[in-house]
Amino acid sequence: MSDVSTDKKLKGKDLITIGIFSAIYFVINFAFMLLGGIHPVLWMLMPGFIAVFAGIPFMLMVAKVQKLGAVFLMGLITALIYFATGQFTLVILISMASTCILAEVVRVVTKYNSFKGNSIAYVIFSLGMVGSPLPIWLFKADFLHRLQNRECPLIMLRQLKLCHPMQC
């Protein structure tokens with residue numbers, strides 16, 4: 001008997017599996033988010049680090065739950081936790097939702113059990129984490145103003161301004 005769930009609808013067991021792997025995925029995300037507090041460059045590179053190190057829980061989850069919605073739920077859980085913990089804009093919710101939908105489309109087209117399809121879905125899914133540092137490029141003046149209002153250390157603000165190619 002296989003542990004792989006292949007019915008069309010998500011069941012309680014599937015939701016628990018998605019929740020467990022989402023929690024593991026978020027812990028890895030959170031570790032790199034904390035490292036991003038050391039220097040702004042690390043924060044801007046955070047999506048790449050997460051993509052490299054958080055692939056295992058994602059790939060295990062998609063191997064275990066081969067149903068529509070599994071990736072979307074994993075991304076939604078991650079995005080909501082980030083949003084609840086004080087991310088600056090709705091950009092992370094939008095970026096995660098859009099990349100999760102695209103990743104689900106890839107999984108549907110490749111019939112859920114293709115390693116190549118799941119790998120491509122993960123690459124797309126990982127692009128959703130760009131929503132965390134993206135506001136510095138989209139809304140630089142407002143972003144830096146909010147950091148100043150939160151009493152961000154002056155050295156961190158200077159480093160952010162130096163890391164960004166556009167003038168304030």
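Since every read-out is calculated from the coordinates, none of them should be taken as a lab result. Please read all numbers here as calculations on a predicted model, not as lab measurements. Virtual Cβ from ideal backbone geometry, glycine too; neighbours counted across all protein chains shown.
Here are some notes:
- Working note: Karplus 6.51/-1.76/1.60 with θ = phi - 60° gives the stretch 107-114 the couplings 5, 5, 4, 8, 6, 6, 9, 8 Hz, where Gly and Pro are set to x.
- Dipole magnitude for the stretch 1-127: about 360 debye, using +1 per Lys or Arg Cβ and -1 per Asp or Glu Cβ, origin at the Cα centre.
- With the charge dipole of the stretch 1-79 set up from +1 on Lys and Arg Cβ and -1 on Asp and Glu Cβ about the Cα centre, the Cα lying farthest toward the positive end among the listed residues Gly36, Ala23, Val65 is that of Val65.
- Phi-derived couplings, Karplus 6.51 cos²θ - 1.76 cosθ + 1.60 at θ = phi - 60°, listed residue by residue for the stretch 90-100: 7, 4, 5, 5, 5, 5, 5, 4, 5, 6, 5 Hz, with x used for Gly and Pro.
- Listed values for the stretch 120-135 are Karplus-derived 3J(HN,Hα) couplings in whole Hz (6.51 cos²θ - 1.76 cosθ + 1.60, θ = phi - 60°), namely 5, 4, 5, 4, 5, 4, 5, 5, x, 6, 5, x, 6, x, 4, x, and x replaces Gly and Pro.
- For the stretch 1-116, alpha-carbon Rg relative to the globular expectation (2.2 N^0.38 Å, N residues): 1.10
- The trypsin sites (Lys or Arg not before Pro) of the stretch 1-87 that DSSP puts in a loop, and whose beta carbon has at most 13 other beta carbons within 10 Å, are Lys8, Lys9, Lys11.
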